[in-house]
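Beneath this line is the structure, given in structure tokens, with notes to follow.
The values are calculated or read from the model by the stated rules, or taken from the named source; none is laboratory data. Since the model is a prediction, treat every value here as computed from it, not as a measurement. All Cβ positions, glycine included, derive from the backbone under ideal geometry; neighbour counts span all protein chains shown. Surface accessibility is based on the protein's heavy atoms, side chains included, excluding ligands, DNA and RNA. Shrake-Rupley method; radii C 1.70, N 1.55, O 1.52, S 1.80 Å.
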Amino acid sequence: MRNLENLKKQAKQYLRWHRERYYPVAAHIRAALPRFQHLDDTQILESSFKLMDAQELVARQLGFEGWQALKSGAHGMTTQSKQTAPRPVLSSTSAQLFVSDIKASCGFFADKLGFAIDFVYGDPPFYGQVIRDKAQLALRLVCEPVFVGDIRQREHLLSASITVDTASEIKRLFLDFQAAGVDFHQTLKKEPWGTRNFIVLDPDGNLILFAGPAD
């Protein structure tokens with residue numbers, strides 16, 4: 001059971017993260033507070049967000065309508081009250097790639113794959129995100145090898161999967177990447193299960209699958 005003082009500290013932490021533009025907090029805000037649900041990460045971090053908003057965020061995460069409701073029922077929170085809370089809805093997904101140079105990786109995705117740089121965080125940068133349409137890829141700086149040798153290539157270990165809606169789009173995307181000089185782990189191929197896909201190899205050895213309908 002959490003006491004009220006700890007919950008107050010948690011709310012202040014969310015407020016601090018928002019002020020510091022710590023991007024992962026935007027997902028928590030969007031998921032819990034309805035008025036932020038239509039905003040992307042950058043818009044959320046640029047919006048007004050006060051202590052009462054952070055307190056409401058904490059309350060809603062615990063199944064209460066607001067901070068006052070939490071305060072009046074905080075000492076009576078039970079497993080049963082949590083079970084009656086609304087079922088969480090997963091609103092988005094983002095793959096995370098491990099890279100050795102955030103700026104170089106952003107350059108690859110922007111110049112070669114047509115992504116836009118959503119944000120870069122840290123000085124020097126250690127985290128970032130690139131987006132193209134509804135596809136989001138988080139980039140996390142890791143200075144030591146994460147995988148042993150060439151196991152990703154040998155075992156075809158994907159770091160991310162991205163889809164398009166039509167057969168013409170997947171063909172066009174492959175030709176665009178080919179013209180940009182992208183390295184492929186697998187060129188465009190029709191699979192037995194009815195899709196057509198290809199796999200891009202990024203500068204850090206991450207395998208990124210692009211897939212669409214075969215016909």
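Mind checking the dipole of the chain: about its Cα centre, +1 per Lys or Arg Cβ, -1 per Asp or Glu Cβ, Debye to the nearest 20?
880
What trypsin sites (Lys or Arg not before Pro) does the range 24-63 have in DSSP loop regions with at most 13 other beta carbons within 10 Å?
Lys50
Just to check I understand the Karplus step: with θ = phi - 60° and J = 6.51 cos²θ - 1.76 cosθ + 1.60, what whole-Hz values come out for the range 117-125, glycine and proline as x?
7, 6, 6, 10, 10, x, 9, x, x
Can you list the HN-Hα couplings for the range 180-195, worked out from phi with the Karplus curve (6.51, -1.76, 1.60; θ = phi - 60°), rounded to whole Hz and with x for Gly and Pro?
Whole-Hz 3J(HN,Hα) from phi for the range 180-195: 7, x, 6, 7, 10, 7, 8, 7, 4, 8, 8, 8, x, 8, x, 10.
Could the peptides 136-148, 97-109 be put in order, highest first, of the mean number of other beta-carbon atoms found within 10 Å of their residues?
Ranked by mean Cβ neighbours within 10 Å, highest first: 97-109, 136-148.
Rounded, prolate or oblate: which fits the chain when a ≥ b ≥ c are the square roots of the eigenvalues of the alpha-carbon gyration tensor, with rounded for a/c under 1.5 and prolate only if a/b beats b/c?
prolate
When ligands, DNA and RNA are left out and all protein chains stay put, how many square angstrom of accessible area per residue does the chain have with a 1.4 Å probe?
60
Could you give the size of the charge dipole of the range 136-179 about its Cα centre, using +1 on the Cβ of each K and R and -1 on the Cβ of each D and E, expressed in debye and rounded to the nearest 20?
It comes to approximately 20 debye.
Can you list the HN-Hα couplings for the range 149-154, worked out from phi with the Karplus curve (6.51, -1.76, 1.60; θ = phi - 60°), rounded to whole Hz and with x for Gly and Pro?
x, 9, 4, 5, 6, 5
As I understand it, the value is the acute angle between the Cα axis of helix 167-179 and the longest principal axis of the Cα atoms of the chain; what does it come to in degrees, rounded to 10?
Orientation of helix 167-179: about 70 degrees from the principal axis.
Quickly estimate the mean residue ellipticity at 222 nm for the chain, helices only: each DSSP H run with n ≥ 4 gives -39500 (n - 2.57), and the total goes over all residues, rounded to 500.
Value at 222 nm, helices only, nearest 500: -11000 deg cm²/dmol.
Taking amide H atoms as placed 1.01 Å from N in the peptide plane, list the residues 5 or more away in sequence, or in a different chain, whose amide H sits under 5 Å from that of Asp118.
Placed amide hydrogens put Gln129, Val130, Ile131 under 5 Å from Asp118.
Tell me which residues come under 5 Å, amide H to amide H, from Thr163 once H is placed; ignore anything under 5 positions away on its chain.
Result for Thr163 returns Ala211.
To the nearest 10 degrees, how steep is helix 102-111 against the longest Cα principal axis of the chain, on a 0 to 90 scale?
The angle comes out near 60 degrees.
Compute the acute angle (0 to 90°) between the alpha-carbon long axis of helix 4-19 and the principal axis of greatest extent of the alpha-carbon atoms of the chain; round to the nearest 10°.
40
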